[in-house]
Amino acid sequence: MHAIYRQNLGFTHFIIGRKHADAPYDDKSAIWGDFDAQEIFKKLGGELAIHTVNVGFAAYFEEIGRVGLVEDNPARRRSRSPAPRSARSSARASCPTLA
């Protein structure tokens, strides 16, 4: 529905991220998997003129000094693991765009 609303307002692209529009159950367990929204959208039938942009797992990478996608960072691509939480926390404190 979100993509249809945006299409009707004239948008040409719709970003679908990791855990898109996810809210946990009361016990904090996940309702959906990390990339379920992207998979569901691929399987939709009908004609939709808006283009989707699927975004993977993003994290702060100390070695490049910014937030980036795991698949775009050669140092992390093989392990598929984000930078340690402490690196992300310190980046938020020192970088106004991450606060």
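The values are calculated or read from the model by the stated rules, or taken from the named source; none is laboratory data. Source: prediction; values computed, not measured. All Cβ positions, even for glycine, are placed from backbone atoms using ideal geometry, and neighbour counts span all protein chains on display.
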Legend entry - Breaking point among (1) over 18 Å from the mean Cα position of the chain (by Cα); (2) assigned to a helix (DSSP H, G or I); (3) among the polar types (S, T, N, Q), for S29: (2)
Inset, instruction - Report, by residue number, each residue of the stretch 1-48 that is among the small types (G, A, S) and either under 19 Å from A59 (Cα atoms) or touching a Cys at 6+ places or on another chain (Cβ under 9 Å) (or both). - result: G17, A21, G33
Inset, instruction - Report whether or not V53 is in contact with a Leu (Cβ under 9 Å, 6 or more places away or on another chain) and at pLDDT 60 or above. - result: no
Inset, instruction - Tell me which residues, restricted to the stretch 56-67, are in contact with a Leu (Cβ under 6 Å, 6 or more places away or on another chain) and either outside any loop (DSSP other than H, G, I, E, B) or among the aliphatic types (A, V, I, L, M) (or both). - result: A58
Inset, instruction - Kindly provide the set of residues from the stretch 11-35 that are surrounded by 15 or more Cβ atoms within 10 Å (Cβ to Cβ) and among the hydroxyl-bearing types (S, T, Y), ordered by number. - result: none
Inset, instruction - Please determine, by comparing only the residues of the stretch 36-50 that are modelled with pLDDT of 85 or more and outside any helix (DSSP H, G or I), which one is surrounded by the fewest Cβ atoms within 10 Å (Cβ to Cβ). - result: K43
